[in-house]
Amino acid sequence: MGEAARFVGEGSTDPLQFRFYDKDRTVMGRRMEDQLRFAACYWHSFTWPGGDPFGGETFLRPWMAAGDPMARAREKADVAFDLFRLLDVPFFTFHDADVAPEGETLQGSIDNLNAVADLFEEKMASAKVRLLWGTANLFSNRRYMAGAATNPDPDVFAYACGQVKAALDVTHRLKGENYVCWGGREGYETLLNTDMGRELDQLGRFLSMLVEYKHKIGFQGPILIEPKPKEPSKHQYDFDTATVFGFLQKYDLTADVKLNLEQNHAILAGHSFDHEVKLAYASDLFGSLDINRGDDLLGWDTDQFAMDVKEMTLVFHEVLKHGGMTTGGLNFDAKIRRQSIDPQDLVIAHVASMDACARALLAAERMLTDGALETPLAARYAGWDAAENRAILAGERTLEAVASRGLTLQPQPRSGRQEYLEGVLNRYV
Ligand code: XUL
Ligand code: CO
């Protein structure tokens, strides 16, 4: 179906072509495609039928109809790889359950997954698209209703180990660059039946085993935890960046486990997207991004396509400032609205959001080149560059020593210049 989307420039009004995403344009020393590292995701685009809590499917995609589940999985793969080609994205992502049907037993499910992975290997050999990350769906099946790693039943924990091992094996085989863990059911619905300390220990052990296994098979990429405070659970243990940082330190996992941050999850946690990104870099935990957006007026995970240039400019400013993506990328964990039922809507949504990201990347580049935010920021903290003050931070001064210097000083308050900085940002976006 059709020609791949390409860059035609700002003058164009064609919703199927790029106005800003010019993949070969150099942005801070790298091709734009290599800076943004877009990934199309399998679940929202190919497995979500358009339902909501009040109504059923609206999309009626042919591969969702009844029939032999493996034949349907192959049909779905054909359509998925065609979309990857149409969008000209360098990466894709999937959960085990998105790509292959569950079998009668765990072994049956693993066999199905491996059969689809054979097909992916074949398709990837002739396509441009590579795997950004794989993951296991440890939340949809009713066996996981009380959690996977944090389930009170150790048999469920063991089943989850089987599933996660197979998903990592397949991710490794397909040369995935990261492996993601999103713990949608790793939390609670009521504390009346929950032993939090015990569940956190279970989760810590589960992740440690995954890290041990990753090293054993030589999987090079990081394991990425995807923080989210709630939904589907009332409270999820991977609440936000700060919470996961504490958890990873407690279980000694900071070297191998990083973060996959998502805009809508940040908002649900009461943070901005750039708050989460900045704190992840400050904690040496930045991994990758799920690029989407929530609705300001709705308190749930609407997973809309990211279109807010200003918001993403601040995020990409932070990413570029730290040298750009390493193994991470921008994964479209985003779904079209359930009324967007034309097949074209899916392509248009990706193209528009890729363009919004490209525009934000270019704005972030200009801001960095001009030092628009960096220069005032450095000036604000410049006092800490003095030798005496560096010595404090280096642990070379006692409280008494600094206190006695404090007795000689009369600090003068200085403006935080918020409105000036907001004006600066507006000049670029
Ligand atoms: C759920 C979510 C997931 C993860 C992968 O809110 O973001 O789709 O990205 O399991
Ligand atoms: Co996500």
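The values are calculated or read from the model by the stated rules, or taken from the named source; none is laboratory data. A quick note: this is a predicted structure, and the numbers were derived from the prediction, not measured. With ideal geometry, Cβ positions are generated from the backbone for all residues, glycine too; neighbour counts draw on all protein chains shown. Just the protein is used for accessible areas: all its heavy atoms, side chains included, with ligands, DNA and RNA removed. Shrake-Rupley method; radii C 1.70, N 1.55, O 1.52, S 1.80 Å.
Descriptive notes on the structure:
- All positions within region 332-367 that are open to solvent by 30 Å² or more (accessible area, probe 1.4 Å) and assigned to a helix (DSSP H, G or I): P343, Q344, D345, I348, A352, R359, E365, R366
- Single residue of region 195-243 satisfying the filter (among the small types (G, A, S) and closer than 29 Å to L298 by Cβ) that is least open to solvent (accessible area, probe 1.4 Å): S233
One line per residue, one yes/no per condition, for (1) under 19 Å from S353 (Cβ atoms); (2) touching a Gly at 6+ places or on another chain (Cβ under 7 Å):
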residue: T254; (1), (2): no, no
residue: E262; (1), (2): yes, no
residue: I267; (1), (2): yes, yes
residue: F273; (1), (2): yes, no
residue: Y281; (1), (2): no, no
residue: D284; (1), (2): no, no
residue: S288; (1), (2): yes, yes
residue: D295; (1), (2): yes, no
residue: G299; (1), (2): no, no
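- Members of region 168-194 found to be part of a strand (DSSP E or B), away from ligand 2 (no atom under 15 Å from the Cβ) and surrounded by 24 or more Cβ atoms within 10 Å (Cβ to Cβ), listed by number: G187
- Sole residue being open to solvent by less than 50 Å² (accessible area, probe 1.4 Å) and either within 24 Å of R30 (Cβ to Cβ) or touching a helix residue (DSSP H, G or I) at 6+ places or on another chain (Cβ under 7 Å) (or both), chosen from G416, G383, G406: G383
- Qualifying residues in region 297-307 (those that are away from ligand 1 (no atom under 13 Å from the Cβ) and farther than 22 Å from L132 by Cβ) - the one surrounded by the fewest Cβ atoms within 10 Å (Cβ to Cβ): L297
- Which listed residue, of T93, T105, is in contact with a strand residue (DSSP E or B) (Cβ under 8 Å, 6 or more places away or on another chain) and among the β-branched types (V, I, T): T93
- The listed residue being within 30 Å of D201 (Cβ to Cβ), open to solvent by 50 Å² or more (accessible area, probe 1.4 Å), among the polar types (S, T, N, Q) and in the same structural domain as E186 (by TED's automatic domain parsing), out of S140, S109: S140
- Looking across region 217-229, the residues that are more than 14 Å from ligand 2 (Cβ to nearest atom) and over 12 Å from C181 (Cβ atoms) come down to I217, G218, F219, Q220, G221.
- Filtered residue count, region 236-256, keeping only those that are within 16 Å of ligand 2 (Cβ to nearest atom) and of a type outside the set (S, T, Y): 5
- Which listed residue is of a type in the set (F, W, Y), in contact with a helix residue (DSSP H, G or I) (Cβ under 8 Å, 6 or more places away or on another chain), more than 16 Å from ligand 2 (Cβ to nearest atom) and modelled with pLDDT of 95 or more, from F316, F286, F273: F316
- Those residues of region 260-294 which are within 22 Å of A40 (Cβ to Cβ) and either of a type in the set (S, T, N, Q) or open to solvent by 50 Å² or more (accessible area, probe 1.4 Å) (or both), in sequence order: N260, Q263, N264, S288, N292, R293
Here's the yes/no breakdown for (1) within 16 Å of ligand 1 (Cβ to nearest atom); (2) assigned to a loop (DSSP other than H, G, I, E, B); (3) farther than 22 Å from L138 by Cβ; (4) small (G, A, S):
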residue	(1), (2), (3), (4)
T58	no, yes, yes, no
K76	no, no, no, no
V79	no, no, yes, no
L83	no, no, yes, no
L86	no, no, yes, no
F94	yes, no, no, no
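- Region 253-288 - residue that is among the acidic types (D, E) and touching a residue at least 40 places away in the same chain (Cβ under 8 Å) and, of those, nearest to Y179 (Cα to Cα): D256
- Residues in region 126-154 that are in a helix (DSSP H, G or I) and touching a helix residue (DSSP H, G or I) at 6+ places or on another chain (Cβ under 9 Å): R143, Y144, P154.
- Only residues that are out of contact with any Ser or Thr (no Cβ under 8 Å at 6 or more places or on another chain) and open to solvent by 40 Å² or more (accessible area, probe 1.4 Å) were counted across region 34-57, and they come to 8.
- Residues in region 328-346 that are of a type in the set (V, I, T) and within 16 Å of ligand 1 (Cβ to nearest atom): I336 only.
- Some residue of region 189-197 being in the same structural domain as V244 (by TED's automatic domain parsing) and within 20 Å of the chain's Cα centre (by Cα): no
- In region 4-33, residue surrounded by the most Cβ atoms within 10 Å (Cβ to Cβ) [restricted to those that are of a type in the set (D, E, K, R) and free of Cβ contacts under 8 Å to residues at least 40 places away in the same chain]: R25
- Some residue of region 257-264 being in a loop (DSSP other than H, G, I, E, B) and either modelled with pLDDT under 95 or away from ligand 1 (no atom under 14 Å from the Cβ) (or both): no
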